[in-house]
Amino acid sequence: MKDCIFCKIINKEIPSEIVYEDEKVIAFNDINPAAPIHILVVPKKHIETLIDISDEDSSIIAHIYQTINKIAIERKFANNGFRVIANCGKDSGQEVMHIHFHVLGGKKLGDKIV
Ligand code: AMP
Ligand code: ZN
């Protein structure tokens, strides 16, 4: 999608620190990390918000969680644990309108909201 920063990262029009990539997803380091480990896992399909996920996208979403586990095992933070956050829409403060899953870890994380 034109003017989408994550589509530009997917298309290699702007650089990123890629952690993992396959035909369905890309994962890269967040430019403004909130924890020692802060990776964004992003489907290559442009989906604006979580509410726009359709039935036909279910395999993509499953693949995202499989990818998160693969990265956590490979990068050796699976045992210590981590947090996955996905913002949706205005009240969540979603800034980039292409769905993405924040994977946070590498330290004891702060207070939970839920
Ligand atoms: P959200 O508030 O859930 O939409 O999160 C968007 C995230 O994208 C923020 O944590 C930003 O730091 C991150 N971000 C924005 N631009 C880039 C970029 N060019 N490379 C990596 N991360 C980015
Ligand atoms: Zn996009």
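The values are calculated or read from the model by the stated rules, or taken from the named source; none is laboratory data. All figures in this text were calculated on a predicted structure; none of them were measured in a lab. Cβ: placed from backbone, ideal geometry, glycine included. Neighbour counts: every protein chain shown. Ligands, DNA and RNA are excluded from the accessible area calculation, which covers all protein heavy atoms including side chains. Shrake-Rupley method; radii C 1.70, N 1.55, O 1.52, S 1.80 Å.
Apart from one condition, Ser16 fits all of (1) out of contact with any strand residue (DSSP E or B) (no Cβ under 9 Å at 6 or more places or on another chain); (2) in a loop (DSSP other than H, G, I, E, B); the exception is (1). Going through (1) within 15 Å of ligand 1 (Cβ to nearest atom); (2) out of contact with any helix residue (DSSP H, G or I) (no Cβ under 9 Å at 6 or more places or on another chain) one by one, Asn69 falls short only on (1).
Condition check ((1) within 21 Å of Gln94 (Cα to Cα); (2) of a type in the set (S, T, N, Q)) across all residues:
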site	(1), (2)
Ile10	yes, no
Phe28	yes, no
Lys45	yes, no
Ser54	yes, yes
Ser59	no, yes
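Scanning region 8-31 for residues that are surrounded by fewer than 18 Cβ atoms within 10 Å (Cβ to Cβ) and more than 10 Å from ligand 1 (Cβ to nearest atom) returns Asn11, Lys12, Glu13, Ile18, Tyr20, Glu21, Asp22, Glu23, Lys24.
This table checks each residue for (1) within 16 Å of ligand 2 (Cβ to nearest atom); (2) closer than 16 Å to Pro33 by Cβ; (3) in contact with a strand residue (DSSP E or B) (Cβ under 8 Å, 6 or more places away or on another chain).
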| position | (1), (2), (3) |
| --- | --- |
| Leu50 | yes, no, no |
| Asn69 | no, no, no |
| Ile85 | no, yes, yes |
| Cys88 | yes, no, no |
| Phe101 | yes, yes, yes |
| Lys107 | no, yes, no |
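Among residues of region 3-26 that are over 19 Å from Tyr65 (Cβ atoms) and charged (D, E, K, R), those with a beta-carbon under 9 Å from a residue that is more than 14 Å from ligand 2 (Cβ to nearest atom) and open to solvent by 30 Å² or more (accessible area, probe 1.4 Å) at least six positions away or on a different chain give the pairs Glu17/Asn29; Glu17/Ile31. For region 89-109, the tally of residues that are open to solvent by 50 Å² or more (accessible area, probe 1.4 Å), without any contact (Cβ under 8 Å) to a residue 60 or more places away in the chain and not in a helix (DSSP H, G or I) stands at 2.
Taking region 49-69 as the range and being open to solvent by 60 Å² or more (accessible area, probe 1.4 Å) and under 13 Å from the mean Cα position of the chain (by Cα) as the test, the residues that pass are Tyr65, Gln66, Asn69.
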